[in-house]
Amino acid sequence: KYTRFTVFYYWINAWDQEVSIYNKKEQVDIPPGEENKTAIKSYSHRTKPLESTSSTGTYYCKVQWDGIQIKGKGVFVLVRGTGYAQTSYGREILITFTTLLAALSITATALLVWKRK
C-alpha cells in the first residue's frame, strides 16, 4: 500500500503561491519479511542557479501516497542580486557621532572659559 508514492519539490513565493519545481513518482520494492519495517530512501535534488531576487521564498519537499501527505518544515532562501555587498555602517556612525559630540563639548567648554575671562 505504501510502496507507491510521489515526491514533490516546490516553493512558496512572495505572493504566497505554491510554485512547483519538480515531482517524481516512485515505487519501492520491499523484500519478503521486511513488510512491517520502516524503510528509508534518500533523495537528493539539485536546483538550477536561482535567476533573480524574485526566487526568494521558502522551499519545501513533500511526499504523497494514498491520500496521505507529509510535508517538510521548509528552508527559507534569500536571493540577492549580483554585486550585492552587505553594508554595516553602525560602527562608523557611532565613531562619527562620538567624535562630533566630543568636538562640540570641547568647543563649548572653551567658549565658556574664554567668556569668563
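The values are calculated or read from the model by the stated rules, or taken from the named source; none is laboratory data. Note that the structure is a prediction, hence the values are computed from the model and not measured. Backbone-built Cβ (ideal geometry, glycine too); neighbour counts: all protein chains shown. The area values use the complete protein model at the heavy-atom level, side chains included, leaving out ligands, DNA and RNA. Shrake-Rupley method; radii C 1.70, N 1.55, O 1.52, S 1.80 Å.
So the values come out like this:
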| item | result |
| --- | --- |
| Matching residues, the range 6-34, being within 15 Å of V63 (Cβ to Cβ) and under 28 Å from the mean Cα position of the chain (by Cα) | T6, V7, F8, Y9, Y10, S20, I21, Y22, N23, K24, K25 |
| Members of the range 1-17 that are surrounded by 10 or more Cβ atoms within 10 Å (Cβ to Cβ) and either under 16 Å from Q64 (Cα atoms) or hydrophobic (A, V, I, L, M, F, W, C) (or both) | Y2, T3, R4, F5, T6, V7, F8, Y9, Y10, W11, I12, A14 |
| Single residue of the range 21-49 satisfying the filter (open to solvent by less than 100 Å² (accessible area, probe 1.4 Å) and touching a residue at least 24 places away in the same chain (Cβ under 8 Å)) that is nearest to Y10 (Cα to Cα) | I21 |
| When residues of the range 50-75 are limited to those that are part of a loop (DSSP other than H, G, I, E, B) and either modelled with pLDDT under 90 or touching a Cys at 6+ places or on another chain (Cβ under 6 Å) (or both), the one farthest from E26 (Cα to Cα) | S52 |
| Meets criteria (out of contact with any His (no Cβ under 6 Å at 6 or more places or on another chain) and surrounded by 10 or more Cβ atoms within 10 Å (Cβ to Cβ)) for V79 | yes |
| Total residues in the range 86-117, condition open to solvent by 100 Å² or more (accessible area, probe 1.4 Å) and β-branched (V, I, T) | 2 |
| Any pair with Cβ under 9 angstrom, 6 or more apart, that starts in the range 81-107 at a residue that is within 30 Å of P49 (Cβ to Cβ) and ends at one that is assigned to a loop (DSSP other than H, G, I, E, B) and modelled with pLDDT under 85 | G81/S52; Q86/R80 |
| Flag for S88 being part of a helix (DSSP H, G or I) and either assigned by the TED database to the domain that holds I21 or of a type outside the set (A, V, I, L, M, F, W, C) (or both) | no |
| Per-region count, the range 55-76, residues over 23 Å from R4 (Cα atoms) and open to solvent by 50 Å² or more (accessible area, probe 1.4 Å) | 2 |
